[in-house]
Amino acid sequence: MTAAVRPQVLVTPAEVRRRVAGRRVAFVPTMGYLHEGHATLIRAAREAAGPDGLVVVSVFVNPMQFGPNEDLSRYPRDLDRDLTVAGEAGADVLFHPEVSTMYPEGYSTSVTVQGVSDGLDGAARPGHFTGVATVVLKLLHLVRPDVALFGEKDWQQLAVIRRMVRDLNVGVEIRGVPTVRAPSGLALSSRNSYLTAEEQARAAVLSRALSAVQAAYLAGERATAALETAGRAVLAGEAGLSLDYLTVVGGDMQTREMVDNDPMNRVLVAARLFGVRLIDNMPLDPGAA
Ligand code: AMP
């Protein structure tokens, strides 16, 4: 087997502009420390770009989306491994800008997507989605992709980005990619690296709770409170777990009543386990999607 070609690393906006000019571009924004979930997005981007297109992956740990007491300084980083993973998945270019390039002295603009950003992670992490929307809009302007791919793992983030792109006429197709999981059910995440193998095995309880809500829904339950109780029962008594939310939502991220058979009906969970905040979600009816 021949080694995969490592992507070309570009660090300045001018280099990126030159590289993407005239090409069909599929884009995967990330914060790096790439895992199989990211690789799945990059393979989908390869497919979306076509044989003549360009697949661009960005690796940028965006300070604007971290709160003052969050894990910005210890967020895991390994650019060398990211190049291998991105190359094997089919990336052509890895864009790795400096913080001072993205937010130079005097930087003063931000993008807030109201409504969809307000609840759940937006409530738990004030300013987080403003940081996400701002950096994603900047990256979309820099890379000018035809298609940009995001994981359903971050369901509320995907909703925020779809709304921003629609509201601001960004002119890019946004594609969501289903969550990639470990065999235990645990959703892959760069933050899982903060946990030991044993703690990761324990953290799979989050996906079991979501599956329990899904099972209740598929058995015909539609009452929001009963669905949420089915999930919380799985988490109850789990040592070392502090629940932030376990919530069912309808298509617009704010409706709590289930419109029957809406493929956007979703159950979302956020919890702190062994000191690490993890999020996950599942469709209530996987067959309806
Ligand atoms: P991050 O590096 O965590 O900012 O994630 C970059 C992109 O990868 C986002 O669109 C995430 O939703 C997506 N992603 C992260 N984990 C997964 C996963 N387990 N399955 C699918 N996509 C994922």
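Gly240: in contact with an Asp or Glu (Cβ under 9 Å, 6 or more places away or on another chain), away from the ligand (no atom under 16 Å from the Cβ) and either over 23 Å from His35 (Cβ atoms) or not β-branched (Val, Ile, Thr) (or both), yes or no? Here the answer is yes, as Gly240 does meet what is asked.
For Arg46, indicate whether it is assigned to a helix (DSSP H, G or I), at pLDDT 95 or above and loosely packed, with under 15 Cβ neighbours inside 10 Å. So Arg46 does not fit the description; no. Selection of region 143-198 for residues being under 18 Å from Glu36 (Cβ atoms), within 12 Å of the ligand (Cβ to nearest atom), of a type outside the set (Lys, Arg) and not in a loop (DSSP other than H, G, I, E, B) yields Leu149, Phe150, Gly151, Glu152, Asp154, Gly176, Val177, Ala187, Ser190, Asn192, Ser193.
In region 250-260, is there at least one residue being within 18 Å of the chain's Cα centre (by Cα) and more than 26 Å from Gln114 (Cα to Cα)? No - not one qualifying residue is present in region 250-260.
State which residue is farthest from the chain's Cα centre (by Cα) when the search covers only region 48-81 and only residues that are charged (D, E, K, R) and farther than 28 Å from Ala124 by Cβ. Restricting to residues being charged (D, E, K, R) and farther than 28 Å from Ala124 by Cβ, the top hit is Asp52.
So that you can scan it fast, the table gives a plain yes or no per residue for (1) over 17 Å from the mean Cα position of the chain (by Cα); (2) within 24 Å of Thr40 (Cα to Cα):
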site: Gly127; (1), (2): no, no
site: Leu142; (1), (2): yes, yes
site: Asp146; (1), (2): yes, yes
site: Leu149; (1), (2): no, yes
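The sole residue among Thr247, Thr229, Thr255 that is assigned to a loop (DSSP other than H, G, I, E, B) and surrounded by 15 or more Cβ atoms within 10 Å (Cβ to Cβ) is Thr255. Return yes or no: is Gly87 touching a residue at least 12 places away in the same chain (Cβ under 8 Å), within 16 Å of the ligand (Cβ to nearest atom) and in a helix (DSSP H, G or I)? So Gly87 fails the test. List the number of the failed condition for Ala26; all other conditions in (1) closer than 15 Å to Phe150 by Cβ; (2) within 11 Å of the ligand (Cβ to nearest atom) hold. The single condition Ala26 does not satisfy is (2).
The values are calculated or read from the model by the stated rules, or taken from the named source; none is laboratory data. The structure displayed is predicted, hence computed values, not measured ones. With ideal geometry, Cβ positions are generated from the backbone for all residues, glycine too; neighbour counts draw on all protein chains shown.
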